[in-house]
Amino acid sequence: RMSNVFVDIFCLRRYQTMDELRDVIGMKKNGQRQSEEYIQNIIHTIEQCAVSQSEMTPLCPFWQFSTRKAIEMWPKEVYREHELFPLTRHLKFGPLRGIVGPRMPVLLLQRAFGMDCFDVYYQ
C-alpha cells in the first residue's frame, strides 16, 4: 500500500496562434531570447504530434501549458478545443470514480505517450 503520492500541477493556457506560443517559449528565464532553432524544434514537435493519429482539424486555437519549461518538457501535450471540452465528469482512476478530465482522454494520452501507452510503461 502506498503511503504518499507525488502530484504535478500545471496550468493550461489557450493559444490563439503559434505566435502567442513563440512569445512564451522564445524567452529564457533570464530575459534573453531563445535561439530560432530551439523555438522551431518545439513547434515542430507540437505540430507533428497534433496529427499523429490522422487528426484533420486545424491546430489553432489550442491549449498547451502556460510556462516555457512545461512546454519544453511536454510539448506533445497539446489539446484542440474539441478534444478538451466539454470536460467529462465520469472518468475512473483506480478506485476513484467521477474524475473530471478531458473530453477525449485516450486520444490525448496516446498523442502524448505513444499508441502503446496502455501496454508499455517507460521510466
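The values are calculated or read from the model by the stated rules, or taken from the named source; none is laboratory data. Just so we're clear, the structure is a prediction, and the values are computed from it rather than from any experiment. Neighbour counts are summed over all protein chains in view; Cβ atoms, including those assigned to glycine, are modelled from backbone coordinates with ideal geometry. We work out accessible area using only protein heavy atoms, side chains counted, and drop any ligands, DNA or RNA first. Shrake-Rupley method; radii C 1.70, N 1.55, O 1.52, S 1.80 Å.
In the chain, with Lys and Arg counted as +1 and Asp and Glu as -1 at Cβ, which of these residues, S54, N4, T67, has the Cα nearest the positive end of the dipole, that is, farthest along it? Positive-most Cα among the choices belongs to N4.
With Kirkwood's inverse mean 1/r over C-alpha pairs for Rh, give me the Rg to Rh ratio of the stretch 79-123, two decimals please. Each step should come with its number before you reach the end.
Values: Rg = 11.6 Å, Rh = 11.5 Å.
Looking at the stretch 79-123, the ratio lands at 1.02.
The label point for T45 and the one for N4, both projected 7 Å from the Cα toward the Cβ, are 2.9 nm apart. Taking the helices alone, the chain has a mean residue ellipticity at 222 nm of -9000 deg cm²/dmol, built from -39,500 (n - 2.57) per DSSP H run of at least 4 residues and averaged over all its residues. About its Cα centre, the dipole of the chain is roughly 580 debye, where the only charges are +1 on Lys and Arg Cβ and -1 on Asp and Glu Cβ.
Multiplying the residue separation of L109 and N30 by 0.36 nm and removing their Cα-Cα distance gives an extension gain of 25.2 nm. Here mean projected area of the Cα convex hull in nm² was computed from the coordinates, and among [x] 8.4; [y] 9.5; [z] 10.1 the match is [y].
Computed in the context of the full set of protein chains, the accessible area of the chain at 1.4 Å probe radius has 57% of its extent on carbon or sulfur. Taking θ as phi - 60° and the Karplus parameters 6.51, -1.76 and 1.60, the scalar couplings of the stretch 31-48 work out to x, 7, 6, 6, 5, 4, 4, 4, 4, 4, 5, 5, 4, 4, 4, 4, 5, 5 Hz in sequence order, x denoting glycine and proline. Rolling a 1.4 Å probe over the heavy atoms of the protein chains gives the chain an accessible area of 71 Å² per residue.
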